[in-house]
Structure formats: structure tokens, C-alpha cells
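Trainee: Have a look at the structure that comes next, please.
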Amino acid sequence: MNPYAAPPASSWLNKVPEVTLSFWLIKIMSTTLGETGGDAVSMSMHLGYLTATVIFATLFLVAVLAQMKAKSFHPYLYWATIIATTTTGTTLADFADRSLGIGYAGGSSLLLVLLLGSLWIWHRTLGSVAINQLSSPKAEVFYWVTIMFSQTLGTALGDWTADSAGLGYSGAAMVFSALLALIVAAYYWSHLSRTLLFWAAFILTRPLGAAVGDFLDKPFSAGGLALSRYSASALLFVFMLSCIALFRQRAASTAH
């Protein structure tokens, strides 16, 4: 028997959390932290978007490897990996939109194509993109690649809505909050695919977090609260840890 072979799907434990209200609360906090934390490294530390992206991408790869090697669901490891995707997504989107000069529209369009392509290939390869069917290492890889694209797209969408559309950070936050409310309504009062609604909500929480994060740390002249990126990130991090400790999470059930 090959000791390095993946376990059969019947014995593979799901290592992502059950989707509950606390999941979405922590998800929004993580996306907000990703915005303030990413900006703190790339802008406040003056490292630039490319260097910051390399740093966070390295942390992301380390976290994903640890997540995949884990034998069961570990809340702190899972959310550390999510934070790594949000910080990487922040600096990567800023690098594409600003340093490469393709703009928010170009960056958002490119990332949307990559995200939809990831979901399509995932579905074509394994037959489902539902999180209760992460029954193999290959499914986990698709999951984290898709999340990375969604986090990066969300950053570009948040900046595009707040800046180019002229809504400001609070206006953008209201727009994405309203869209999320529509998804909640569809969840309770429609027969739309739960998998479709999950990914739609997962994507939209990222621009909401981006808008809220920018609102916290941007100067008053730009419509923000002018908080320090370091202090805002620290507060969000402590709040996240408190929520993870307070709301006991369990792994999503695996469908066979």
C-alpha cells in the first residue's frame, strides 16, 4: 500500500467550516482585515504592490500546504489561510489595476474571467463545485484557487465601485450590502441553487470588506475615517480571533 496515496473519498474529512451566520461574520471581518493589512504592508511600509504580493503569496502557499496536510478541520488554520487569500488579493489587484495600468474595469473583467474559468474547470473535472464535496486533494486545490480569484476580483470590484463609480467607500459598502441582502432573500424564498448562492455571497463579501476597510483607513478628504492601517488591522484581527473562539465551528458535512 502506498503511504503517500490520498485516502479514498469515503474516508476524506472535510476541512472547511459549516456555512452558518458566524461563518459569514468572520468572512466579512477577514476580507476587511485583508484590505487594511494588505495596504499596511504595500503602502504604509512603502514596500510596493509587487513586493507585498510576493510576501503574501508566499504565506498563502505555506498556509494552503498546511491546510491540505491537516487531517481534520482546524478553525484557526482555515481562517489564517483565508486571511492570506484576502491580503494577497488586495495587493495583487492593486498591482494589476494601478501598477500595470489596466484600470479597475480591465482588472475586474480579467479576474472575472479567471474566476468563472476556475469554477468551470472545477465542475468539468469533478462534477460539482459544492463545498460539501471537497472529498479529495484535487478538490481542495480547486477550492483554494477559486477563492484566491474571488478575493482578488472582490478587491478590484470594491475599488471600482468606490472610486470610478463615484459612490465613495460608504456608498460602495451599502451597494454590496444590498446585493448580499438579495442573496439572503433568494436563499430563503427561492429555489435557486444553494451552491450558486454560496459562491455569489462569497464573492460579494470581498468587495464589501474592501469598501469597509478603505472607509476605516482612508483620510477624511477621501471619505474615510483616517484610522491607522496598523491599528485598524490589529483591532480586526483581535475581533476575528474572538469570534472564532466564541462561535464554535464544525466542519461542513461531506456528501458522497
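Trainee: Which of (1) touching a Phe, Trp or Tyr at 6+ places or on another chain (Cβ under 8 Å); (2) within 19 Å of L115 (Cα to Cα); (3) aliphatic (A, V, I, L, M); (4) surrounded by fewer than 16 Cβ atoms within 10 Å (Cβ to Cβ) is the odd one out, the single condition V141 does not satisfy?
Mentor: Answer for V141: the failing condition is (1).
Trainee: So, in the range 75-87, exactly how many residues are surrounded by fewer than 15 Cβ atoms within 10 Å (Cβ to Cβ) and under 17 Å from A210 (Cβ atoms)?
Mentor: Residues that pass the stated criteria total 0.
Trainee: Could you say which residue among T90, T53 is surrounded by 15 or more Cβ atoms within 10 Å (Cβ to Cβ), within 16 Å of the chain's Cα centre (by Cα), polar (S, T, N, Q) and closer than 19 Å to F202 by Cα?
Mentor: One residue alone meets the criteria, T90.
Trainee: Another one. Condition (residue is under 24 Å from L110 (Cα atoms) and either surrounded by fewer than 22 Cβ atoms within 10 Å (Cβ to Cβ) or at pLDDT 90 or above (or both)) applied to the range 185-196: is it met by at least one residue?
Mentor: Taking the range 185-196 first, the residues under 24 Å from L110 (Cα atoms) are 195-196.
From the residues that got through so far, the ones that are either surrounded by fewer than 22 Cβ atoms within 10 Å (Cβ to Cβ) or at pLDDT 90 or above (or both) too are 195-196.
Yes: the range 185-196 contains one or more residues that are under 24 Å from L110 (Cα atoms) and either surrounded by fewer than 22 Cβ atoms within 10 Å (Cβ to Cβ) or at pLDDT 90 or above (or both).
Trainee: Scan S228, S242, S190 and give me the residue that is closer than 22 Å to T87 by Cβ and either more than 20 Å from the chain's Cα centre (by Cα) or basic (K, R) (or both). Lay out the reasoning, then the answer.
Mentor: Values: S242 fails: either more than 20 Å from the chain's Cα centre (by Cα) or basic (K, R) (or both); S190 fails: closer than 22 Å to T87 by Cβ.
Matching residue, one of S228, S242, S190: S228.
Trainee: Among the candidates L216, L182, L235, L157, which residue alone is modelled with pLDDT of 95 or more, under 21 Å from the mean Cα position of the chain (by Cα) and either more than 18 Å from I26 (Cα to Cα) or surrounded by fewer than 24 Cβ atoms within 10 Å (Cβ to Cβ) (or both)?
Mentor: L182
Trainee: Pick from A201, A172: which is within 20 Å of L112 (Cα to Cα), out of contact with any Asp or Glu (no Cβ under 9 Å at 6 or more places or on another chain) and not β-branched (V, I, T)?
Mentor: Result: A201 is the single residue among A201, A172 that is within 20 Å of L112 (Cα to Cα), out of contact with any Asp or Glu (no Cβ under 9 Å at 6 or more places or on another chain) and not β-branched (V, I, T).
Trainee: How many residues does the range 176-201 contain that are in contact (Cβ under 8 Å) with a residue 24 or more places away in the chain and either within 22 Å of D214 (Cβ to Cβ) or touching a Lys or Arg at 6+ places or on another chain (Cβ under 9 Å) (or both)?
Mentor: So the count comes out to 5.
Trainee: From the list A245, A255, A200, which residue is at pLDDT 90 or above and closer than 27 Å to S72 by Cβ? Steps first, answer last, please.
Mentor: Numbers: A255 fails: at pLDDT 90 or above; A200 fails: closer than 27 Å to S72 by Cβ.
Answer to the selection: A245.
Trainee: Cβ-Cβ distance below 6 Å, separation of 6 or more or different chains: which pairs start in the range 24-44 with a residue that is buried (at least 22 other Cβ atoms within 10 Å of the Cβ) and end on one that is acidic (D, E) and assigned to a helix (DSSP H, G or I)?
Mentor: T36/D217
Trainee: Additional query: Within the set of pairs 6 or more residues apart or between chains, which connect a residue that is without any contact (Cβ under 8 Å) to a residue 24 or more places away in the chain inside the range 70-88 to a residue that is assigned to a helix (DSSP H, G or I) with Cβ atoms less than 8 Å apart?
Mentor: L77/A63; L77/A66; L77/Q67; A80/A63
Trainee: Let me confirm something: among G103, G166, which residue is exposed (fewer than 15 other Cβ atoms within 10 Å of the Cβ) and within 30 Å of H46 (Cβ to Cβ)? Break it down stepwise before answering.
Mentor: Working: G103 fails: exposed (fewer than 15 other Cβ atoms within 10 Å of the Cβ).
Exactly one of G103, G166 is exposed (fewer than 15 other Cβ atoms within 10 Å of the Cβ) and within 30 Å of H46 (Cβ to Cβ), namely G166.
Trainee: If you don't mind, there's one more thing I want to ask. Could you count how many residues in the range 229-251 are assigned to a loop (DSSP other than H, G, I, E, B), touching a residue at least 12 places away in the same chain (Cβ under 8 Å) and out of contact with any helix residue (DSSP H, G or I) (no Cβ under 7 Å at 6 or more places or on another chain)?
Mentor: Going through the range 229-251, the residues assigned to a loop (DSSP other than H, G, I, E, B) turn out to be 247-250.
Retained after the next criterion (residues that are touching a residue at least 12 places away in the same chain (Cβ under 8 Å)): 247, 249-250.
Now restrict to residues that are out of contact with any helix residue (DSSP H, G or I) (no Cβ under 7 Å at 6 or more places or on another chain): 250.
The total comes to 1.
The values are calculated or read from the model by the stated rules, or taken from the named source; none is laboratory data. Keep in mind that this is a model prediction, so the values were computed, not measured. So basically every Cβ, Gly included, is an ideal-geometry build from the backbone, and we count neighbours across all protein chains shown.
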